[in-house]
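Novice: I'd like to ask some things about the structure below.
The values are calculated or read from the model by the stated rules, or taken from the named source; none is laboratory data. Small disclaimer: the values here were computed from a predicted structure and weren't measured. Every residue, glycine among them, receives a Cβ derived from its backbone with ideal geometry; neighbour counts consider all protein chains shown. In case anyone asks, the SASA skips ligands and DNA or RNA and just uses the protein heavy atoms, side chains included. Shrake-Rupley method; radii C 1.70, N 1.55, O 1.52, S 1.80 Å.
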There are 2 protein chains.
Amino acid sequence: MADPGSGGALSPLELYNRVSEQGDKVRVLKMEKAPKDEIDAAVKLLLALKVDYKNATGEDYKPGSPPNNDTPNSNNGLPAAGDGDDFVDPWTVQTGSAKGVNYDKLIVRFGSSKIDKDLIDRIERVTGNKAHHFLRRGIFFSHRDMHQILDAVENKKPFYLYTGRGPSSEAMHVGHLIPFIFTKWLQEVFNVPLVVQMTDDEKYLWKDLTIEKAYQYTIENAKDIIACGFDVNKTFIFSDLEYMGTSSGFYKNVVRVQKHVTFNQVKGIFGFTDSDCIGKISFPAIQAAPSFSSSFPEIFNGRKDIQCLIPCAIDQDPYFRMTRDVAPRISYLKPALLHSTFFPALQGAQTKMSASDPNSSIFLTDTAKQIKNKINKHAFSGGKDTIEEHRKYGGNCEVDVCYMYLTFFLEDDEKLEKIKQDYTSGALLTGELKKILIETLQPMISAHQERRKHITEEVVKQFMTPRKLAFDF
Amino acid sequence: MADPGSGGALSPLELYNRVSEQGDKVRVLKMEKAPKDEIDAAVKLLLALKVDYKNATGEDYKPGSPPNNDTPNSNNGLPAAGDGDDFVDPWTVQTGSAKGVNYDKLIVRFGSSKIDKDLIDRIERVTGNKAHHFLRRGIFFSHRDMHQILDAVENKKPFYLYTGRGPSSEAMHVGHLIPFIFTKWLQEVFNVPLVVQMTDDEKYLWKDLTIEKAYQYTIENAKDIIACGFDVNKTFIFSDLEYMGTSSGFYKNVVRVQKHVTFNQVKGIFGFTDSDCIGKISFPAIQAAPSFSSSFPEIFNGRKDIQCLIPCAIDQDPYFRMTRDVAPRISYLKPALLHSTFFPALQGAQTKMSASDPNSSIFLTDTAKQIKNKINKHAFSGGKDTIEEHRKYGGNCEVDVCYMYLTFFLEDDEKLEKIKQDYTSGALLTGELKKILIETLQPMISAHQERRKHITEEVVKQFMTPRKLAFDF
């Protein structure tokens, strides 16, 4: 991690102020849609400053909490004790390691629980199904209160699923499918209803988009979500912009949450500043509200006591930490959570993919040829520089993006294990590994495109109509 | 105005911090519903500190804007140049003068325009009606862009009226009727549609109320509003809590406003702090949204270009200054405004009335006997201590609450003028003046109660159903 070269000379408070200013700068650059390299450079400096801050104070930088003590920590100069160079919030995921974010450290920092073998075994027992490979392979790796959900199922009590998507463009990439693929599996094995929130209001607030455009993205993205195979009788997809004006329960819960969260709290959790618009500041309540069954009176017959389970990427956890904090104070149940790792960009696991960079991932609209070219050209390889070296020393699956993608999309455990062994030993060459991934993704994407083609406006409307869903309560 | 006795010794920044702290203290006391005298004392100290601050810096205290220069003003110690002891925002109206707030100074401070004889003459010409006595007597005394509304009328362009009420209890007092009495007159003489916002969400956020209770107050207050005689074919009354979940246009405009107002701005305008809940912080956008015709697609056939005129008490102006600032940035028309003075409490014009203090005003539920007793017992008198002195020196109409009330409710100009002359000369005694007010209010209130009795839930529902209103566009 780069050192800005000035940390040692600054007091903790000066460092705190520099981190804070640099954070603002990053936000402004993002808001202004500055060139990617400019943003990356600013983020790098931000992370470096945070490391300096931690070295100087022994504590993680927390927005809104200046250092208690303005004398440098006695460990000053020593390297940060751990995950100081990972940064995760709903808008930024950044790590200095080609292996990606250190998720074990993230669990400790976020205070969630690891999905361990016991939990996976119990899920298999309760559902009578083999665990999804996302569970077996640690792609969904962290949880909150999942045992409580399983207790409920064993006691024949109902629960429902809630996940979502911020529709920032028409084009979704394969990484965006991860929560939906897993949620579909959960819906099937538990036979429960699902609500999918499309936060078009959030995208309007954060991006240079009109309300109309954000809603249009909702409709287009909904088609890709529906194409994952959700059961229309058990699934409700909603646009915030639309549902807020149709539901007798949603706004009331938004206001309930808004009454119980202060600006100080969202400042600490999300890093908002005084220059942020009041829409952003109050938005977290809108992402919180679907965690409560009374937000959907049409679906749950007005019942307030149905527990919610949220499968999502770990970067969304801050919203739900806040939600879980508020829930008991408004007499609601805390939602349970299942957290996934991030899907790596083709260029490597250091960053989350970006829908605005067409080469950073495989898009659901890519042709077979585009898939082939992108993987051959852009997929970061863990192989050696020459065939001879590769045969001799073998490749590194831990940083190889093609191998990582296969852990997501190749369901056959034995085949995957063999690929790992062969690549590590050098028996499998990088070109051959890329070919396996290409041949895995091409039919998968083209099947998705075929299913999506048949999703008419009428079908979208069905999914998006508030109505009673089919399930046993 | 009391002097806290320490102003001279403190620097501007120290004074700024003391005002800020005392402001927080007042807010906390109000939130905790502390005893009235405790709140009053805290408010008095706040006002005194503000005067000290102005003396020290030459500028009004502005939340969020510490003094630029921390050396005391050269005028230090001189009395404040004018309205330093009036304090007006949507939650607090306080003045040191028994004559009430200095409204001429308020016009200068708020940057609005005085309603002068020219404007009143023009309203009479355009409507073909004699001006309402609230206009003739300066009860509606200030405006923004009223000439623009009259231009529109002359050019056969449509406009609509918007006013509102925060339903904080079932009991409304006569002061609450002022905007509605005047709005009804405007509706009649201009023949235009009217929307009435019941900010039950605001009351839930600010007070110790449930959502259900706030909505119940909306319904009860709506009955009193309807009893003012509004035409059901031209009037839409709505609860925020309900309408937000029924309208396809309202939330979209709320989000539009929320995107264009920062926390810094609402901090400056409303004095919010980091400890305020995010609901309060984003609420101003909800009071802004009805200023735009596209918030009511059902009423205005989706038209976005219909100008709005807002009659309201001047303490609501901060919301609409903000709204007028945002409007052009979201391609909407700025609303025009007509501002009224405050209705004085029975105890004197120093404070706004309080729905929570039954003796501070005449309530719409009071019996004839209660009206008589309250006026005889609590109405602050401008008369002299003994009959002899009163006959000799005369009474002071400028501070006499009975006389003030008559300016609101006695429509006969000649009779009012005669009362003024007789009381000032001493010919009319305080007991006699009180009797005139009692005999004016008793039939007015009982007629209101009679009309209210006939307002069924069905009628309320009619007024509160989103629908096309009858008017010519």
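Novice: Residue of B with Cβ nearest the axis relating B to A, plus distance in whole Å?
Specialist: Chain B residue with minimal Cβ-axis distance: B:Ser282, 2.
Novice: With respect to the cross-link table entries A:Lys114/A:Lys334; A:Lys280/B:Lys36; A:Lys420/A:Lys453, which display a Cα-Cα separation exceeding 26 Å?
Specialist: A:Lys280/B:Lys36; A:Lys420/A:Lys453
Novice: I've got another one for you. Would you check the accessible area of A:Thr367, probe 1.4 Å, heavy atoms only, in square angstrom rounded to 10?
Specialist: Estimated to the nearest 10 Å², A:Thr367 gives 70 Å².
Novice: Tell me, what is the per residue accessible area of chain A in Å², probe radius 1.4 Å?
Specialist: On the way: 19570 Å² over 473 residues.
Dividing the accessible area of chain A by its residue count gives 41 Å².
Novice: Counting only protein heavy atoms and a 1.4 Å probe, tell me what percentage of the protein assembly as shown's accessible area is made up of carbon and sulfur.
Specialist: Within the protein assembly as shown, the accessible surface is 49 percent carbon and sulfur.
Novice: Heavy atoms only, 1.4 Å probe, whole protein assembly: order A:Lys184, A:Lys434 by accessible area, highest first. All intermediate terms of the calculation are to be shown ahead of the outcome.
Specialist: Numbers: A:Lys184 45, A:Lys434 20 Å².
If we order A:Lys184, A:Lys434 from most to least accessible, we get A:Lys184, A:Lys434.
Novice: If you take the accessible area of B alone plus A alone and subtract the pair, what total do you get in square angstrom, rounded to 100, with a 1.4 Å probe?
Specialist: Using a 1.4 Å probe on protein heavy atoms, the buried area is about 3100 Å².
Novice: How much length would be gained if the chain were fully extended between A:Lys418 and A:Asp104, taking 0.36 nm per residue of separation minus their Cα-Cα distance, in nm to one decimal?
Specialist: 110.4 nm
Novice: For a quick check of understanding: with a 1.4 angstrom probe and all protein chains in place, what accessible area in square angstrom does A:His133 have, to the nearest ten?
Specialist: Answer for A:His133: close to 10 Å² accessible.
Novice: Rounded to a whole number of µm²/s, how large is the Stokes-Einstein D of chain B at 37 °C and 0.692 mPa s, given Rh as the Kirkwood radius over C-alpha pairs?
Specialist: 139
Novice: Roughly speaking, what is the stretch gain from B:Glu458 to B:Asn129, that is 0.36 nm per residue apart minus the C-alpha to C-alpha distance, in nm to one decimal?
Specialist: 115.1 nm
Novice: To continue, here is another question. Put a label point 7 Å from Cα along the Cβ direction on A:Asp116, then list its distances to the equivalent points in the other copies in nm, shortest first.
Specialist: 8.1
Novice: Now a separate question. What lysines does A:Lys62 reach when the alpha-carbon gap must be under 18 Å and sequence neighbours fewer than 8 apart in one chain are set aside?
Specialist: Counting by Cα, and skipping residues close in sequence, A:Lys62 has these lysines nearby: A:Lys25, A:Lys44, A:Lys50, A:Lys54, A:Lys105, A:Lys267.
Novice: If you don't mind, another one. Can you pull the Kirkwood radius for the stretch B:352-453, inverse mean 1/r over Cα pairs, to one decimal in Å?
Specialist: In the stretch B:352-453 this quantity evaluates to 14.2 Å.
Novice: Now, a different point. First measure r as the distance between the Cβ atoms of B:Glu21 and B:Thr365, then evaluate 1/(1 + (r/R0)^6) with R0 = 60 Å and state the FRET efficiency to the nearest 0.05.
Specialist: 0.95
Novice: Kindly report, to the nearest 10 Å², the accessible surface of A:Asp385 as traced by a 1.4 Å probe over protein heavy atoms only.
Specialist: 150
Novice: List the pair-distance distribution P(r) of the stretch A:102-204, using every Cα-Cα distance, as the percent of pairs falling in each 5 Å bin from 0 up to the bin containing the longest distance, rounded to whole percents.
Specialist: The distribution over the stretch A:102-204 is 2, 10, 18, 22, 20, 15, 8, 3, 0, given as percents.
Novice: Quick one: ranking B:Arg125, B:Arg451 by accessible area, 1.4 Å probe, largest first, what do you get?
Specialist: B:Arg125, B:Arg451
Novice: Which distance in nm do the two modelled labels at A:Glu389 and A:Asn155 give, with both placed 7 Å along the Cα-to-Cβ direction?
Specialist: The modelled label-to-label distance comes out at 6.0 nm.
Novice: Where the centre of each part is set by its Cα atoms, how far does the stretch A:102-157 sit from the stretch A:242-315, in angstrom?
Specialist: Using only Cα atoms to place each centre, the spacing works out to 24 Å.
Novice: Let me ask something else. Have a look at the stretch A:251-265 and report residues whose accessible surface goes down by 30 Å² or more when the remaining protein chains are included, against the chain on its own, probe 1.4 Å, ligands and DNA/RNA excluded.
Specialist: The answer is A:Tyr251, A:Lys252, A:Val255, A:Arg256, A:Gln258, A:Lys259, A:Thr262, A:Phe263, A:Asn264 - residues whose exposure falls by at least 30 Å² when every protein chain is included.
Novice: Expressed as a rounded percentage, what relative contact order does chain A have, with Cα pairs under 8 Å and six or more residues apart? Mind showing how you got there, number by number?
Specialist: On the way: 763 pairs, mean separation 75.3, N = 473.
It rounds to 16 percent for chain A.
Novice: As a test of reading the structure, rank A:Ile120, B:Ile445 by solvent-accessible area (1.4 Å probe, protein chains only), most first.
Specialist: Reading off the accessible areas and sorting them downward yields A:Ile120, B:Ile445.
Novice: Also, I was wondering about something else. Given Cα pairs under 8 Å that are at least 6 residues apart, what percent is the relative contact order of the stretch B:105-345?
Specialist: Value for the stretch B:105-345: 23 percent.
Novice: For the stretch B:105-345, what class follows from the C-alpha gyration tensor (a ≥ b ≥ c being the square roots of its eigenvalues): rounded when a/c is under 1.5, otherwise prolate if a/b is larger than b/c, else oblate? Intermediate values should be presented prior to the final figure.
Specialist: Working: a/c = 1.36, a/b = 1.29, b/c = 1.06.
Rounded shape, in that the Cα axes give a/c under 1.5.
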